[in-house]
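Beneath this line is the structure, given in structure tokens, with notes to follow.
The values are calculated or read from the model by the stated rules, or taken from the named source; none is laboratory data. No experiment lies behind these values; they were computed from the predicted model shown. So basically every Cβ, Gly included, is an ideal-geometry build from the backbone, and we count neighbours across all protein chains shown. These area figures cover heavy atoms from the full protein model, side chains too; ligands, DNA and RNA do not enter into them. Shrake-Rupley method; radii C 1.70, N 1.55, O 1.52, S 1.80 Å.
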Amino acid sequence: MAEVILSSGEKTFILHGIDADFRNDGRQRCEYRSMEIETKLMPQTHGSSRLRIGNTDILVGIKVELDTPNADKPYEGKLEFFVDCSATATPAFEGKGGDDLATEISNTLTVAYQTRNSLDLRSLCILPHKKCWKIFVDVLILQCGGNLFDAVGIAVKAALNSTEIPKITAATLDGGEPDIQLSDDYYDCIQLDTINYPVIVTLCKIGDNFIVDPTSEEEVCSASSIVMSVLPNGKVSSLIKLGYGSIQPTTFNKMLQVFFVFYMLYCLVCIIYKLMSLITKLWFQVGQNIGLRLNEGLIKALKEESELGRKRKIIGFLK
């Protein structure tokens, strides 16, 4: 994440504000900042989007190509994510500073979309064992102002919603080799059905509370976070924990083998872990509800934009 240096007094101020459910920018703990989303910005791509939320700025471009299915998945297409952290986004990304974060975000997107409940890759298959569509999703982090996982997840879904795949007029085998013919009409395309695609929700733990959509300053005050991908039907397709946190039960077991005298402490720890599991379930439910509301708002905004048609006015630096 972006490297922000805070004094102990500033951290205490942020912590006390979250305890009072009143954050620095006036938001409550479970409240997002206003978002600005633009789609179909780059005509050289099959789909694109740009999202701004606070000081976070994300650009997504999508390319679609014909490819050969994997041998172990002959009836499925392919979907690949690539994330690049611009060196101008924050000084921490200079050189190879953003590579680890980019890989982490890319892996999170892959896990979120790998279930058939979100994206059925079989819909991208043209000729089993022979030809399929391969979707490349390129994400560029232009500016980092906190909450990158959620911002990237929303921008990717918006870009996929604007993606248009060329229509296939004929797909046959000629001498065992695939023969694919595409429509000559530039506007004769098929749009992806993104109704079941997930959004990513990050629950950031600060003190004894958790917040959504953290700023860079709030992320510095957090010891751990839970990143979950939520489908529009409320199902959670992935759950990942980030940051340092509590000692794992296996570690406690190893400690108890050496310090048997602390058996009563172990019993107390077991009770604490049961309480933590209840708290985790609460986080899970809150993340589900937030993801549902986020999905509904995003789908509504994308539908309103698509109803404007191809002659809509495009406003942006990539016009």
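Just a few scattered comments:
- Under the simplified labelling scheme, the Glu307-Thr103 pair shows an inter-label distance of 4.6 nm, with each label point 7 Å from Cα along Cα→Cβ.
- Among the listed pairs Lys96/Lys130; Lys96/Lys300; Lys157/Lys241; Lys134/Lys205; Lys40/Lys167, those beyond 27 Å (Cα-Cα): Lys96/Lys130; Lys96/Lys300; Lys134/Lys205
- Across the range 5-122, the mean sequence separation of Cα contacts (distance under 8 Å, 6 or more residues apart), normalised by length, yields a relative contact order of 12 percent.
- Two-decimal log10 I(q)/I(0) for the range 41-119, as the Debye equation yields it once each C-alpha is a single scatterer, q = 0.20 Å⁻¹: -1.13
- For the pair Gln285 and Leu242 in one chain, pulling the backbone fully straight at 0.36 nm per residue adds 13.6 nm over the alpha carbon distance.
- Leu121 sits among other residues whose Cβ lies under 9 Å from its own Cβ, and their net charge, with Lys and Arg +1 and Asp and Glu -1, is +2.
- 5 angstrom amide H check on Gln143, placed H, neighbours 5+ away: Asp57
- In Å², nearest 10: area of Asp100 left accessible to a 1.4 Å probe: 130
- Take the Cα of Asp193, step 7 Å toward its Cβ, do the same at Thr68, and the gap between the two points is 3.0 nm.
- Pairwise label distance in nanometres, Lys300 with Glu10, each label 7 Å out on the Cα-Cβ vector: 3.6
- Apportionment of accessible area to carbon and sulfur, the range 48-162, percent (1.4 Å): 45
- Between the C-alpha center of the range 196-221 and that of the range 78-96 there is a gap of 20 Å.
- Cβ charges +1 (Lys, Arg) and -1 (Asp, Glu), total dipole of the range 181-246, debye: 500
- The listed peptides 105-116, 174-185, ordered by packing as a protection proxy, come out as 105-116, 174-185 (highest mean of other Cβ atoms within 10 Å first).
- Given their separation in residues at 0.36 nm each and the Cα-Cα distance between them, Gln28 and Lys96 gain 21.0 nm when the chain is fully extended.
- Phi-based couplings in Hz for the range 65-75 (Karplus 6.51, -1.76, 1.60; Gly and Pro marked x): 9, 7, 8, 9, x, 5, 4, 7, 9, x, 9
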